[in-house]
Amino acid sequence: MERTTNLIMNILRVIALAVVVCLSPGCNEQNSPIDQHEKVYRALLLDGNRLLEKKKYQRAADLFTEAVSREPEKAEGYLTRGIAYICLEQYKKAIVDFTRAIQNDRTLAIAYANRGIAYDHLGRHREALFDYQTALSINPETGKGPGFMERFLHNKPKTPDLRERVKFLEETLKTQQTTENG
């Protein structure tokens, strides 16, 4: 759980920074009802990220749920709630949210990578491999952030990156297939 927490915290710092920038004074000077609605949505995401940093995962998930109900067509709410679900070890719920984030934005490499992590935890290695490869094909820098895969999946002293995990899963699946056929 501690490794998962470290991984998630690094991801969330980046997300929280992006949200804070969007909420900065002067970012959007208009005050139409739509803009106010957007500000509430962004505030919910920011507050949820702060709760994640405090390891209050369920409360964070609840705020992200409220954000999703306000803006169901935006990928960010599903992405952040999926991260909260990973922290809560609710991998099936995380997969549902990452899938919805991907449906809303098919270019969101981090959603594929995180869904791969959830699949990996459930032992669904073929799906994990597919998602990791997809994430890397969209953005080759995916998973290179500080501590993104920090011994999270390998439990090895060396910190793997997403490319190493792809190679590991390819070799594992090839060995399994050979064993099954032989």
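Every read-out reported here was derived from the displayed coordinates using simple, explicitly stated rules and does not represent laboratory data. Since the model is a prediction, treat every value here as computed from it, not as a measurement. Cβ placement follows ideal geometry from the backbone for every residue including glycine, while neighbour counts extend to all protein chains displayed.
Quick rundown of the values:
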read-out	value
For the stretch 78-86, 3J(HN,Hα) per residue [Karplus equation, 6.51 cos²θ - 1.76 cosθ + 1.60, θ = phi - 60°, Hz, x = Gly/Pro]	5, 4, 5, 5, x, 5, 4, 5, 4
Cross-link pairs beyond the 27 Å C-alpha cut-off, checked among LYS55/LYS92; LYS54/LYS74; LYS54/LYS92; LYS92/LYS174; LYS39/LYS92; LYS56/LYS92	LYS39/LYS92
Neighbour-count order for LEU162, LEU136, fewest beta carbons within 10 angstrom listed first	LEU136, LEU162
Residues THR65, THR142 arranged by fewest to most Cβ contacts within 10 Å	THR65, THR142
Filtered GluC sites (Glu not before Pro), the stretch 54-136: DSSP coil and at most 11 other beta carbons within 10 Å	GLU73
Efficiency of FRET from Cβ geometry, LYS55 and GLN176, R₀ 41 Å, rounded to 0.05	0.70
Extended-chain gain in nm, criterion 0.36 nm per residue less alpha-carbon gap, ARG106 and ASP161	17.6 nm
